[in-house]
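What follows is a short report on a single structure.
The values are calculated or read from the model by the stated rules, or taken from the named source; none is laboratory data. Note that this is a predicted model, so its numbers are computed, not measured. Note that each Cβ is placed from the backbone with ideal geometry, even for glycine, and that neighbours are counted across all protein chains shown.
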Amino acid sequence: MDIGQARLHKARHRERARLGNGMTKAATSEGGHLDYYKEHGISPVRYAMDDLSQHLQLRDSLYRSIGLPQVAFRGSDILEIAPGSGQNSLYLAVSQPRSLTLVEPNPAGLRDIQKLYDTLSEPHTAPILHPARLQEFNPGKLYDVVLCENWLGALPAELELLRKLAGLVAPGGALVLTIVPLAGFFPNVMRKLLALRVVPSHLGFDERTAALVEIFGPHLATIPNMTRSHRDWVHDCMVNPHYLNVGLPFETVVETIGDDMAVLGTYPKITIDWRWFKALKGTERRFNELLIEAVAANIPSLLDYRRTFPAGAPGANAAIDRHFGTVHRLALAWQAAFEADDSAEVQALTGTIGSEIHQISELLSEIDGDLAAAVRELEELWLSQQPTAEAVRDMPLFGSLFGRETFYAAFTRGQPQVEGKSPVEGNRSDGKAAGA
């Protein structure tokens, strides 16, 4: 075991000893994101929506890309968990489902939703609002489509909620989730740690927000088509003490929701399936396995939303993927040590994270020189004795690096079966024998 491995081993041991399950101190509070939002009276998920028709077109493009055209919502029973501002639910409402249930416990979000629907003039299905957490929501029925965007991560309690979501999907129905692969999460994981290092912890909420908007505004300005305000992004990502816990890898989702849920589609699209459809039966369907294999083959393309790289051979990206996972685990430990004011632990973990970043840059140098240079710039700043807000703000290479952090995915639950009938007989509406 070399020195770097030994330090990593010790850091992991200290992390497990202190937290047991790798959670930050902030993550161990029961309310998580909700408590943070309620404490500050915020719902930092709103975005510019000056043109409703354009907004509906964007949502239609997204859903059709994951295999759900508008007809999938029309006449259906739909459940959305944690809709936030409610803006995304508008597309569901104007698709005129049979019912639309929104479960949102944040008072600020509920106010936004009510205001939004009070001014909606297009024909739509009025939503049924439940001011409750998913933990307390027990409807006693199943839904044709269940949606949950940008909320659940991989903490044990949240994985239990993910299983609960999957259990609310009717046979033949769809579950729509957002997934946060750790390779795509890496740039913002490091932004979060840099934010903690360069902004004084004694600043109040508003002062900290202003400082972070100034620091990361130039980074965010490089993203075309961004609709959320810089202030809301800072609130939700850089100030939010629970942000690092939103990481949710594909394989974790597939393992959690169970074998009877099969992926229908993702956006961005990441799988290419050239198999003959007549082979797709029984154990040869393998939709989830194909997805996991495609993700593993395309790890470098997750790191930079602006670019794609050729898919790697099986196992080719395993090493760099492990480093992204290690950085995420160490980042959780670093934040926990920072919150505990354990300067010795922070210093040790800072060096270990720097070693991991160096390994990532070395592996990236074999794939793309520009990506490697951006990560080397990050490494140099991260390992500097006292990084400054100005230095973070003015990063010429890393500043524009944002990953494909959020994937949308639709999963379907099996197929409905009619007891005692063949599939052909079960699908006939006139009761006649097939071929009659």
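For K269, which of the numbered conditions (1) in a loop (DSSP other than H, G, I, E, B); (2) in contact with a Phe, Trp or Tyr (Cβ under 9 Å, 6 or more places away or on another chain); (3) closer than 14 Å to T406 by Cα fails to hold?
(2)
Which members of the stretch 329-340 meet the condition of being in a helix (DSSP H, G or I) and among the small types (G, A, S)?
Those that are in a helix (DSSP H, G or I) and among the small types (G, A, S): A331, A333, A336, A337.
Out of E425, E405, E379, E419, I need the residue that is surrounded by 20 or more Cβ atoms within 10 Å (Cβ to Cβ) and either touching a His at 6+ places or on another chain (Cβ under 7 Å) or at pLDDT below 95 (or both). Which one?
Among E425, E405, E379, E419, only E379 is surrounded by 20 or more Cβ atoms within 10 Å (Cβ to Cβ) and either touching a His at 6+ places or on another chain (Cβ under 7 Å) or at pLDDT below 95 (or both).
Which pairs do you get when a residue that is touching a residue at least 12 places away in the same chain (Cβ under 8 Å), found in the stretch 225-236, comes within reach of a residue that is loosely packed, with under 15 Cβ neighbours inside 10 Å and assigned to a helix (DSSP H, G or I), reach meaning Cβ atoms under 7 angstrom, with the pair 6+ apart or on two chains?
These pairs meet every condition: H230/G217.
Which members of the stretch 206-231 meet the condition of being within 29 Å of V295 (Cβ to Cβ) and not β-branched (V, I, T)? Give the derivation first.
Filtering the stretch 206-231 for residues within 29 Å of V295 (Cβ to Cβ) gives 216, 219-220, 222-228.
F216, H219, L220, P224, N225, M226, R228 - these are the residues of the stretch 206-231 that are within 29 Å of V295 (Cβ to Cβ) and not β-branched (V, I, T).
Of all residues being surrounded by 12 or more Cβ atoms within 10 Å (Cβ to Cβ) and of a type in the set (D, E) in the stretch 239-272, which is farthest from V198 (Cα to Cα)? Just the residue, please.
In this case the residue turns out to be D260.
Are any of the residues in the stretch 62-74 closer than 22 Å to F411 by Cα, within 22 Å of the chain's Cα centre (by Cα) and charged (D, E, K, R)?
So far as the stretch 62-74 goes, yes, one or more of its residues are closer than 22 Å to F411 by Cα, within 22 Å of the chain's Cα centre (by Cα) and charged (D, E, K, R).
Given the structure, is V234 in contact with a His (Cβ under 7 Å, 6 or more places away or on another chain), assigned to a helix (DSSP H, G or I) and in the same structural domain as A337 (by TED's automatic domain parsing)? It would help to see each step written out before you state the result.
On the way: in contact with a His (Cβ under 7 Å, 6 or more places away or on another chain): no; assigned to a helix (DSSP H, G or I): yes; in the same structural domain as A337 (by TED's automatic domain parsing): yes.
Spelling it out, it is not the case that V234 is in contact with a His (Cβ under 7 Å, 6 or more places away or on another chain), assigned to a helix (DSSP H, G or I) and in the same structural domain as A337 (by TED's automatic domain parsing).
Name the single residue, out of those in the stretch 202-218 being more than 25 Å from the chain's Cα centre (by Cα) and free of Cβ contacts under 8 Å to residues at least 40 places away in the same chain, that is surrounded by the most Cβ atoms within 10 Å (Cβ to Cβ).
Across the stretch 202-218, the extreme among qualifying residues is A210.
Which of the residues spanning the stretch 254-291 are in contact (Cβ under 8 Å) with a residue 60 or more places away in the chain, within 13 Å of T412 (Cα to Cα) and either of a type in the set (V, I, T) or not assigned by TED's automatic domain parsing to the domain that holds G167 (or both)?
I257, V263, T266 - these are the residues of the stretch 254-291 that are in contact (Cβ under 8 Å) with a residue 60 or more places away in the chain, within 13 Å of T412 (Cα to Cα) and either of a type in the set (V, I, T) or not assigned by TED's automatic domain parsing to the domain that holds G167 (or both).
Here is a list of conditions, (1) under 26 Å from the mean Cα position of the chain (by Cα); (2) closer than 27 Å to H202 by Cβ, and I360 meets all of them except one; can you say which number that is?
(2)
All but one of (1) in contact with a Phe, Trp or Tyr (Cβ under 7 Å, 6 or more places away or on another chain); (2) over 30 Å from W382 (Cα atoms); (3) not in a strand (DSSP E or B) hold for F186; state the number of the condition that does not hold.
(2) is the only condition that F186 fails.
Name the pairs: first residue in the stretch 78-101 and within 15 Å of A174 (Cβ to Cβ) and not assigned by TED's automatic domain parsing to the domain that holds A126, second residue of a type in the set (A, V, I, L, M, F, W, C) and in a loop (DSSP other than H, G, I, E, B), Cβ to Cβ under 9 Å, at least 6 apart or on different chains?
none
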